Each structure stands twice: as structure tokens, then as C-alpha cells.
Amino acid sequence: MKTINQVHGIPLHYARLTNHPYGTRGEQRNFAIEERFLDTLKEALQEVFEHCPLGIPEVITTAGIFVDKPGQHGHGKAFDLDAIFWSDETLVTANFIHKKELYLGIESFLRKHFGIVLNYYYPNHKDHWHVDTSVPVDYNEKSKSETLYLQLVLKHIYKEEILVDGVWGRQTSGVVKEVFERLEIDTPITTKANYVKFLDITGKIAFKLYEENISPKHLLSNLTEVVENLPQQSRATVREALNSFLDHEETATWLNNFEEAHNLDAIIEDAIV
Ligand SMILES: [Zn+2]
């Protein structure tokens, strides 16, 4: 075991305290970590931030690495990633709903290094990614966490109509075939080389979409989605207030100035060369 408080010079912080709650930058801490797992973590983060348009972040918050409990954490061989802070952007994993492109871009590259990645849709992982190396990197149709990721990118990155339920079935396999063809990747997805190529291209496309989608209209549709995900008691009130803002004549005129750019085809072209 080694003790670290940074990875590649990026400080590791802890933000699950009363005075440093979840979602803040927290405070720097020491974490015990198994050495080979640290090598994988370094390689993974290096690749993530090489591709991420925001570059190297200032802080990463983690809920823990070595934790005295059964499983990979008990051996210092798992990492819980809560949030990433750049100078003027933040990805708090609990904000998946309005940070989908950035979130899925990062997750695509994490998956090239960790056989296990548990995300927002996996039970009990709304507020962090859990990553570990207890299984090899590949795609297994029976894996709920891998199928959830797959369905999420098919839906939100490739804009396919698909149910996100973590179950591989006829719909998912059909859409995979179609998208792989579009990306010029061989099937089946269960062949490691094909899957890794898919992860790589998807990561690049997601980051590109993130960069291009920062238009007022896209941000507004993010806001609408956040409202629709609120608890029922508050939803109606917020929705009504938002709608009266949107229905105002001047707001409508202003919003009409913005085009929602949807050049997914061009982005795919760029990513597969
Ligand atoms: Zn964990």
C-alpha cells in the first residue's frame, strides 16, 4: 500500500463532511492505495484529461479508496469519484441530468481502464462513480452496469430511441448494430477490440458534443429536464414559474435567436478518421 494525496499533481480532496459537504471542493487528504491499482488510476486519469476539452482539473474529490469494508475497497483497489473541479467548470456526478455529455465522455475513457464502472443509473451510485479492476475490460451482455452505460450513450450521445434498463435485449442489440455500422466498427461488441474502439470514439464524440452544445437552448432543455426530475411537491411550482418566464413575449423573441446545433453526423465523421 502507498499513501497519496494527489494524482499527476491533481490534489485529491474529501468532501463528505459537515463543514465540507458533498458537491464542494472539500479538503485535501491522504488516501491509502494499492500500488498496481494506482498505476491504472494514473493511466486512466491521464487519458481522460488528455481528451477532455477542459484539460487538467484543479481538484478531484473522492469518497474514498481504501475503506475498511469487504470488496475491492478493503484492498485499496477501488476508487469512488465524487466530483471534478476545473477553474470555471465543475462536474459533480450527482448532476448527471444536466451534464450528460461531459459525464459520459469521462465515463467512456474510464471504461477503457477499469473493468468495473458503476454510474448514476446503477443502484446507490447517483453521487459517485465506483471504479475497480476486479474484472477485465470487455463487454459482457449480462453485465447490468455495462449495459446501462451502453444504453445511456446510445440514447444521449447517438440520439437513438432506446429504453435505459440495463437489460440486453433485441432493442439494444439492434441499435448497437446500427450505431456500430455508422461508426465503422466491427461487431460483435463482445470482442474486446471492438468494444474498446467504441469506448474511444464515443468518448471523443461526447466531449465534442459537450463543447458544441453549450448554447442557451441546450442549457434551457437541461433546466427543463432537471425540473421534470424534481420531487413531485416542488415540481409543479417550479415548472409553472419557469413556464411563465418562457412564455413571456420578450423571452420567446430572445430564444428564437438561437439555433439548436445538431451536427452529430459531422462530429462522427471527424471522430472516426
Ligand atoms: Zn466504491
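What is the residue count in the stretch 74-93 for residues that are outside any strand (DSSP E or B), open to solvent by 10 Å² or more (accessible area, probe 1.4 Å), within 16 Å of the ligand (Cβ to nearest atom) and touching a residue at least 12 places away in the same chain (Cβ under 8 Å)? So the count comes out to 2. Which members of the stretch 44-65 meet the condition of being within 16 Å of G105 (Cα to Cα) and of a type in the set (D, E)? Selection gives E47, E50. Quick one: in the stretch 60-72, of everything that is of a type outside the set (S, T, N, Q) and surrounded by 12 or more Cβ atoms within 10 Å (Cβ to Cβ), which residue is farthest from the ligand (Cβ to nearest atom)? Applying the filter and picking the extreme gives I60. Here Y22 clears all of (1) open to solvent by 80 Å² or more (accessible area, probe 1.4 Å); (2) over 17 Å from D132 (Cβ atoms) except the condition numbered (1).
How many residues does the stretch 25-59 hold that are crowded, with 20+ Cβ neighbours inside 10 Å, within 16 Å of the ligand (Cβ to nearest atom) and not in a helix (DSSP H, G or I)? Residues meeting the conditions: 2. How many residues does the stretch 94-107 contain that are open to solvent by less than 20 Å² (accessible area, probe 1.4 Å) and within 16 Å of the ligand (Cβ to nearest atom)? Count: 1. Anything in the stretch 205-240 that is hydroxyl-bearing (S, T, Y), more than 25 Å from D88 (Cβ to Cβ) and either outside any helix (DSSP H, G or I) or open to solvent by less than 70 Å² (accessible area, probe 1.4 Å) (or both)? List them, or say none. Passing the criteria: only S234.
The residue that is nearest to K159 (Cα to Cα), counting only those in the stretch 246-264 that are modelled with pLDDT under 90 and open to solvent by 100 Å² or more (accessible area, probe 1.4 Å), is H262.
For H125, indicate whether it is touching a strand residue (DSSP E or B) at 6+ places or on another chain (Cβ under 6 Å), part of a loop (DSSP other than H, G, I, E, B) and modelled with pLDDT of 95 or more. For H125, the condition - touching a strand residue (DSSP E or B) at 6+ places or on another chain (Cβ under 6 Å), part of a loop (DSSP other than H, G, I, E, B) and modelled with pLDDT of 95 or more - is met.
The values are calculated or read from the model by the stated rules, or taken from the named source; none is laboratory data. Just so we're clear, the structure is a prediction, and the values are computed from it rather than from any experiment. Positions of Cβ are backbone-derived with ideal geometry, glycine not excepted, and every protein chain shown enters the neighbour counts. Calculation scope for accessible area: heavy atoms of the full protein, side chains included, ligands and nucleic acids excluded. Shrake-Rupley method; radii C 1.70, N 1.55, O 1.52, S 1.80 Å.
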